[in-house]
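See below for the structure under consideration.
Bear in mind that the values in this text are calculations on the coordinates, not laboratory data. In this text the structure is predicted, and so the values were computed from the model without any measurement. Counting neighbours? That spans all protein chains shown, and the Cβs are built from the backbone with ideal geometry, glycine included.
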Amino acid sequence: MSTEAKRGFTRTVPFWAGLAFGTFGAVMGLALSDAINAATALILMIVPAGLFFQTMRVANTTAACSGRGEAQRLYVKRVAIFASTYLVVIALQVSLLGGDETTEASLAARAALSVMPGLAICGIFWAIGRLILDEKDEFIRMLIVRQTLIATGFALGFATIWGFLEAGEVVPHIPAYWFAVAFFGGQFIGAVSNRITHGSWGAL
Amino acid sequence: MKNRLKVLRAERDWSQQHLADLLEVSRQSVNAIETGRYDPSLPLAFKIADVFEMAIEEIFQRD
């Protein structure tokens, strides 16, 4: 890659990050204002997730200049597989169960269809764990652990505070899968924190 | 912890990428160690010492 191209990538990191946060905020806003239903919001979350992924990819290309390690290549492949699976099963779930409408599907069929998107997201959690195990570079591994801890703290904090606010009838009820979305938002905060404290975005 | 990595690398006219290749780590790692943002583990510190053919304490010093 030429130096000019690398400079171009450097300029685009804030662009992709801004776009990821902007679309995340827009989807959250639409979902919380009941402009779109939960299923639509979940499907639309693919857009900020994809933009976040692109931000990390560009940031890594810019900061590393050293090529992607085998562990990171495997991670990207695994995330792509689980994200694609998520898209397929969420579409399947929405089309067969009809979104928010009550259907005549049996409990077993509803349970099977409903658990699949969650399992696909769990696959991404597993991919993060495997990346931590597979990564040979101790500095990069430390950044991934740090980023994931920040994301976990953010998601747990968000869940706890929201839960108490909900109990106090200050905020509306939200389905628990939004805490996984908070975790992925927390990954971005973790990446920014890594950049500020250690001069590198990390590898997620 | 302070280190002389940047000076030693400059004396040999090595780029960060070249040193990273010798150490089998990323360029970010070399940069983070040089700038004092990251203290390497003992195995990596030994590897750095081996690459420069020096003792660890000649490269790394207490603050």
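For peptide A:134-141, the mean count of partner chain Cβ atoms within 10 Å of a residue's Cβ comes to 5. Size of region A:3-198: Rg and Dmax of its alpha carbons, in Å, are 18.2, 60. Assign one of three labels to region B:2-54, namely rounded, prolate or oblate, based on the Cα gyration tensor with a ≥ b ≥ c the square roots of its eigenvalues; rounded applies when a/c is under 1.5, prolate when it is not and a/b is larger than b/c, and oblate otherwise. Rounded, since a/c falls under 1.5. Non-local lysine pairs in the protein assembly as shown, meaning eight or more places apart or on different chains, with alpha-carbon distances under 26 Å, amount to 9. Under the criterion of Cα pairs below 8 Å and six or more residues apart, the relative contact order for region B:2-54 equals 34 percent. When each of the peptides A:111-117, A:141-147, B:10-16 is scored by how many other beta carbons lie within 10 Å of its residues on average, the order from highest to lowest is A:141-147, A:111-117, B:10-16. Quote the FRET efficiency, to the nearest 0.05, computed for residue B:1 versus residue B:51 with a Förster distance R0 of 22 Å and r equal to the Cβ-Cβ distance. Efficiency, rounded to the nearest 0.05: 0.75.
Residue by residue along B:26-37, Cβ atoms of other protein chains within 10 Å of the local Cβ number 6 on average.
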